[in-house]
Amino acid sequence: MAFMLICGVAPVSAQFASSTETVPPQCNTQDAIRFRGFSARLENDLFAETDQNYTNGVAFTAVSHDLVGQLKPECLTVPVRLHAELIRYLNPSFWADPDNPAQTQNVVVKFGQSMFTPKDSNQTALILDDRPYAGLLYVGMAWNRRQHAPQNNTEILDTREITLGVIGPLALARPTQHTVHNIVGADKFQGWNNQLDNEPALQMALDRKFKNFKGTGAIQPGFSVDSIRSLGLQLGNIETSATVGIEGRIGWNIPNDFGTYPIRPGAENRPPSAASIHGNTEDASTGSTRPRAGIHLFATLESKLVVHDFSLDGNLFQSSHSVTRRPWVTQAALGISAQRPIAGHGVKLALMRVFRTREFDEQGPSHSFGSVTVSIEF
């Protein structure tokens, strides 16, 4: 797969180059990537008073401003341009209709770490009947494309994300956990010498969310209820799986986005704005394109068919400890999200509790963890 990815960039680059040789690039400020917001997310099972399985995850994301109309690769920085070329090669239909005025896109860059441990923190020997010690350190980039389909009053958010990283000691899960446990006064896990070995990590994710059209503002003014459906496909040695899910929301001034989720591909909840699709700068009657204070409750339910999960199946390119993975996993989350302008910036806080069914046969009870996300938009 890696060979196909590398070789695929060349013909696509040549295609872009030939188009820019005949027409000199005319790049405006709006054609380049400029970041408009950041998020920091922490997930930990300490919130559920346990310390096992998926025990900690952190992710930092940066979201670009909206790019409207036809994409101009020659106006992008080299990493973003290569990423766009790769997506176009692997999934040509993603930008099959670039001149469609009812769509716009943005870029999300993500950096994060995930760690997994067995239940027994004192055992130094390999625990054969519990999940492996495992760490993942990664960086990812995603394109979000938002579309409005007036014929059926639907909005769609398509995401294409590529994640690169490392599994094993180079992921620095052991020193990170030891540092945090020293700070909070918790016992150290003694079995990290048994963690999965180093290997490169690669994953491509395709995600689609869709909901009823709710106007062109940044929020849905007043009290409202909505639902968001989602489909996802992940391919790679981090995880290979297919997901179907739904989220329901109820509250006051709900953001006109596509929901709140635990860390996963396509989880960034600030897609291109509906206003940029329709060319509006402000709804004169409500001013609703501007961020406004609001609060809402949300609940999600997802079911996933898992073909490969590095944290359960172990290393892909060499022999390692593994457990008997269950093919079907269901996950539910309950949470609350609130946002308000502070000093001219939009600030959002989301809290959720996540419940996950058993992921492998040797596992004890189902697992639970908490999630906290803070976002700021300039």
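The values are calculated or read from the model by the stated rules, or taken from the named source; none is laboratory data. Just so you know, these numbers come straight off a predicted model, no measurement behind them. Backbone-built Cβ (ideal geometry, glycine too); neighbour counts: all protein chains shown.
Being among the aliphatic types (A, V, I, L, M), part of a strand (DSSP E or B), buried (at least 22 other Cβ atoms within 10 Å of the Cβ) and modelled with pLDDT of 75 or more narrows it down to one of Ile250, Ile254, so name that one.
Ile254 is the lone residue from the list that is among the aliphatic types (A, V, I, L, M), part of a strand (DSSP E or B), buried (at least 22 other Cβ atoms within 10 Å of the Cβ) and modelled with pLDDT of 75 or more.
Report, by residue number, each residue of region 42-56 that is among the acidic types (Asp, Glu) and under 16 Å from Glu359 (Cβ atoms).
Selection gives Glu43, Asp45.
Here are some residues: Leu67, Leu128, Leu86. Which one is farther than 30 Å from Asp197 by Cα and either touching a residue at least 24 places away in the same chain (Cβ under 8 Å) or of a type in the set (Gly, Ala, Ser) (or both)?
Matching residue, one of Leu67, Leu128, Leu86: Leu67.
Yes or no, residue by residue, for (1) touching a Pro at 6+ places or on another chain (Cβ under 9 Å); (2) without any contact (Cβ under 8 Å) to a residue 60 or more places away in the chain:
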| position | (1), (2) |
| --- | --- |
| Met115 | no, no |
| Pro118 | yes, no |
| Ala134 | no, no |
| Gln147 | no, no |
| Gln151 | no, yes |
| Glu161 | yes, no |
| Gln195 | yes, no |
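Between Pro24, Pro11, which is in a loop (DSSP other than H, G, I, E, B) and at pLDDT below 80?
Result of the check over Pro24, Pro11: Pro24.
Could you give every pair whose Cβ atoms fall below 6 Å, whose first residue belongs to region 164-180 and is surrounded by 14 or more Cβ atoms within 10 Å (Cβ to Cβ), and whose second residue is in a helix (DSSP H, G or I), counting only separations of at least 6 or pairs across chains?
Ile167/Phe310; Arg174/Trp192
In region 213-234, how many are in contact with a helix residue (DSSP H, G or I) (Cβ under 9 Å, 6 or more places away or on another chain) and not hydrophobic (A, V, I, L, M, F, W, C)?
Total meeting the criteria: 4.
Take the conditions aliphatic (A, V, I, L, M) and in contact with a Ser or Thr (Cβ under 9 Å, 6 or more places away or on another chain) and apply them to Ala142. Does it pass?
So Ala142 passes the test.
Out of the residues in region 347-370 that are in a strand (DSSP E or B) and in contact with a helix residue (DSSP H, G or I) (Cβ under 8 Å, 6 or more places away or on another chain), which is modelled with the lowest pLDDT?
His367
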